[in-house]
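A quick write-up on the structure given underneath.
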Amino acid sequence: MVSHFAISVGMVRMRRVLAWQICLMMFAAEALGGTGDLRQGDAIRWLMDMRQAVIHLDYRGIVAYLKDKHVESFQLFHVYTEGVEHERLVSMNSPLREVVRNSEKVACYFPDTKTVFVENKPARRSVLLDLPEDLKQLSRHYDIKLQAKEYVAQRLSQIISIEPRDNFRYARRIWVDLESKLPLKFELIGENDQTVEQMIFTSLSIENGIPESELNASTKVDAFTWQVNRRESMPLESLKWGLRSVPDGFQMISYTRLIRTPTEHPVEHILLSDGFSSVSIYVDEFEGDIVKGYQKKIGAINAHSRKIGRYLVTVMGDVPARTVQVITGGVHLQVNKADD
């Protein structure tokens, strides 16, 4: 779910139903033919609890991540202290890499290439599920339901089914730990009902604090090349790009400019999201040629590019191919700002 940084690892975030009173309410609602909203409300409350657990709990575990029929394993460390999240992710198989994140920056270390990528003010909050504060808006575009209970990593979990109401989004399933409310497993379901991405804890331990030494990067960076992306927030009135065909529910979350070292070359970045799915629009001055309607797919991520004058517009996100195609086709230079 995607800053589309060097690794895509994926990511995940929920409460028990009140017993007697809720049962009575559901029976009454069923007699009136209206249980759907109640059940969706229960599922959303689980999502709200999960979001809080992902942010505020201290935990460590082993995470297996499946993408494009390839499985990778990572050690995950997470701490919330003095109002700030700290995360560290360490790969357990080749290619070796390490990610360290807080609210201000994310750094990715690649020992094989002796390279460090740093992004200031990252767009994503977590390597697990990154959910919005207002979850109730999600029900406009997704049918969210509680399903059965299953064990994951020897912990009993509640399954939550998230089905899109149109064909512009992926379906999802989340397994939420009954005790901690952390997401133990997450699946992204493609257009053919096949799992295109999966994240699963194979072990999980809830901690009361984690030593600072386990949150800092262990990679020795002598003779490494550092590439730093600075992210600058841009005023919306300076945006010279219009978006004609964004599917309903996707809203502009941010408009920023990425400055890439060492060239200091700026790239405009427009981030859209519906709460679950995110789409990035990158606009770069580009003098070369590309294949018309260039398209690429990596796991759940689809990308589509086209030239508009001297600009290369690339739209990518954890959405079906048709979604990035529709959004790319609607990107245009606004006439009154075309020469700014």
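A short reminder: the numbers here are calculations on the coordinates, not readings from a lab. Treat the numbers as computed from the prediction; the structure is a model and nothing was measured. Glycine also receives a Cβ, built like all others from the backbone with ideal geometry; neighbour counts cover every protein chain displayed.
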message: With the alpha-carbon atoms as the only input, what is the per residue convex hull volume for the stretch 102-186 in Å³?
response: 162
- request: Give, in nm to one decimal, the length gained when the segment between K220 and V71 is fully stretched (0.36 nm per residue of separation minus the Cα-Cα distance).
  value: 51.0 nm
- prompt: Using θ = phi - 60° and the Karplus form 6.51 cos²θ - 1.76 cosθ + 1.60, what ³J(HN,Hα) does each residue of the stretch 137-150 get, whole Hz, x for Gly and Pro?
  reply: 5, 5, 5, 5, 10, 9, 9, 10, 9, 7, 10, 6, 10, 9
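Using the count of nearby Cβ atoms within 10 Å as a rough guide to exposure, how do V79, V106, V315 rank from fewest to most?
V79, V106, V315
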task: Among G61, Y151, I162, flag the residue with its Cα farthest along the positive direction of the charge dipole of the stretch 20-214, charges on Cβ as +1 for Lys/Arg and -1 for Asp/Glu.
output: I162
Enclosed volume per residue, in Å³, of the convex hull spanned by Cα atoms of the stretch 192-329: 207
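Quick one: which of K181/K297; K67/K145; K136/K185; K149/K297; K105/K307; K185/K297 span more than 27 angstrom between C-alpha atoms?
Details: K181/K297 32 Å; K67/K145 25 Å; K136/K185 22 Å; K149/K297 33 Å; K105/K307 31 Å; K185/K297 23 Å.
Pairs exceeding 27 Å: K181/K297; K149/K297; K105/K307.
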message: Can you work out the Karplus-derived ³J(HN,Hα) for every residue in the stretch 311-326? Use 6.51 cos²θ - 1.76 cosθ + 1.60 with θ = phi - 60°, whole Hz, and x for glycine or proline.
response: 10, 9, 9, 10, 10, 8, x, 7, 9, x, 4, 4, 5, 5, 5, 5
- prompt: In whole Å, how far is the Cα centre of the stretch 54-90 from that of the stretch 259-276?
  reply: 24
query: Per residue and in cubic angstrom, what volume does the convex hull of the Cα atoms of the stretch 20-214 have?
result: 153
- prompt: So, by mean Cβ neighbours within 10 angstrom, what's the order for 221-227, 157-163 with the highest one leading?
  reply: 157-163, 221-227
- line: Subtracting the Cα-Cα distance of R165 and E179 from 0.36 nm times their residue separation yields 2.0 nm
